[in-house]
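**Student:** First the structure, which I've put down as structure tokens, then a few questions once you've had a look.
The values are calculated or read from the model by the stated rules, or taken from the named source; none is laboratory data. What you see is a predicted model; the values in this text were computed from it and never measured. Because the Cβ atoms are built from the backbone with ideal geometry, glycine has one as well, and the counts that use them run over all protein chains shown.
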Amino acid sequence: MKGKELDEDVLNKELKKRLARKQSRLMMMHGCHPVFGLLLPFVQFPVWMCMSFAVRHLAGRSVWLIDGPNVNVLAAQGMAEEGML
């Protein structure tokens with residue numbers, strides 16, 4: 001880069017390249033991969049859906065994915081009168 005006039009755009013591009021290389025080296029050194037950050041949501045989402053459906057059934061609400069759109073589900077005795085608390 002000697003002999004060239006350095007402007008702000010060139011410096012920013014070079015900085016981004018160096019930071020990307022450094023981040024890549026650090027991730028390889030510590031055994032990390034960006035995809036590992038997506039594993040937890042993929043595991044949590046089905047669990048959250050099952051819990052949501054279970055609470056809806058307990059409260060007497062229909063779950064349209066399972067029961068259909070216009071089905072009345074009988075609420076659990078305690079949930080129909082008192083709620084969750």
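**Student:** Only one of these conditions is not met by Phe53: (1) surrounded by fewer than 10 Cβ atoms within 10 Å (Cβ to Cβ); (2) modelled with pLDDT of 65 or more; (3) under 23 Å from the mean Cα position of the chain (by Cα). Which number is it?
**Tutor:** Answer for Phe53: the failing condition is (1).
**Student:** Can I ask one more? Of all the residues that make up region 31-61, how many are touching a helix residue (DSSP H, G or I) at 6+ places or on another chain (Cβ under 9 Å) and outside any helix (DSSP H, G or I)?
**Tutor:** Total satisfying the criteria: 6.
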